[in-house]
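Undergrad: I have a structure here, written as structure tokens, and I will follow up with some questions on it.
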Amino acid sequence: MQKLAELIQKYKNEGAVTFTSEFSNLFQKACSEASSKSFKYFVVDIALDLKHWQNAIDILDAIQKTHGLNDIGYNLLAFARWESGDETGAIDAYLKSLALNPANVSSLRGTCILLKDHDRDLEALPFVQKWLQLAPTNSEAVEYSKVIAKNCNVALFNFTSPDSRRADKS
């Protein structure tokens, strides 16, 4: 087996598709307790790129059991669960990510979209407010905040641009 640095370089140069034929071996090695956390995350990246959602979930679950996951790890787990059709599991993983880092914009986005899609707009309100606060010019954040606020019959957000808010204060 090649060293991790060589595998990463191959991945950068040729993409995940270059690992298609050897993915099964990489996955088996990543599931081994002897594999490093770095190697496991590398194989997760390949699995996600190849859309092997369950393989990514299995490796992330193994990392969680042995090392724990940080907010990014939970974000990856949420994405893989969402793509595999487990939206409830995805929401749970996004919420764990946000418990560790409330400013993880990717997790805020996923949480808002999934909660809204499950008609849980009231639960989505604080997350969409934070998302909009962190990314006020992101059109998706602005649109979701408008829809969720409207669905909740609240007017929590000022939908003017940051520049016009500054002008209003002068």
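Undergrad: So, in region 105-116, how many residues would count as being under 24 Å from H52 (Cβ atoms) and either touching an Asp or Glu at 6+ places or on another chain (Cβ under 6 Å) or part of a loop (DSSP other than H, G, I, E, B) (or both)?
TA: 1
Undergrad: Please work out which residue is nearest to S84 (Cα to Cα), limiting yourself to region 1-51 and to residues that are touching a helix residue (DSSP H, G or I) at 6+ places or on another chain (Cβ under 8 Å) and of a type in the set (K, R).
TA: Checked region 1-51; the qualifying residue nearest to S84 (Cα to Cα) is K51.
Undergrad: Check off (1) surrounded by fewer than 19 Cβ atoms within 10 Å (Cβ to Cβ); (2) at pLDDT 95 or above; (3) farther than 26 Å from H118 by Cα for K3 and give me the number that stays unchecked.
TA: (2)
Undergrad: Another one. Within the set of pairs 6 or more residues apart or between chains, which connect a residue that is within 18 Å of A135 (Cα to Cα) inside region 96-121 to a residue that is of a type in the set (D, E) and surrounded by fewer than 18 Cβ atoms within 10 Å (Cβ to Cβ) with Cβ atoms less than 8 Å apart?
TA: R109/E140
Undergrad: Taking the criterion of being farther than 29 Å from E14 by Cα, among the polar types (S, T, N, Q) and in contact (Cβ under 8 Å) with a residue 24 or more places away in the chain, would at least one residue in region 62-70 satisfy it?
TA: Within region 62-70, one or more residues are farther than 29 Å from E14 by Cα, among the polar types (S, T, N, Q) and in contact (Cβ under 8 Å) with a residue 24 or more places away in the chain.
Undergrad: Also, quick follow-up: Condition first: closer than 15 Å to W53 by Cβ and crowded, with 22+ Cβ neighbours inside 10 Å. Now tell me which residues in region 81-101 satisfy that.
TA: R81, A90, A93
Undergrad: Could you go through region 13-22 and let me know if any residue there is closer than 23 Å to L114 by Cβ and surrounded by 18 or more Cβ atoms within 10 Å (Cβ to Cβ).
TA: no
Undergrad: A further question follows. Can you find, within region 3-21, the residue that is nearest to the chain's Cα centre (by Cα) among those that are in contact (Cβ under 8 Å) with a residue 24 or more places away in the chain and in a loop (DSSP other than H, G, I, E, B)?
TA: G15
Undergrad: Checking D119 against (1) on the phi > 0 side of the Ramachandran plot; (2) assigned to a helix (DSSP H, G or I), only one condition comes out false. Which one?
TA: The number of the failed condition is (2).
The values are calculated or read from the model by the stated rules, or taken from the named source; none is laboratory data. Keep in mind it's a predicted model, so treat the numbers as computed, not measured. All Cβ positions, glycine included, derive from the backbone under ideal geometry; neighbour counts span all protein chains shown.
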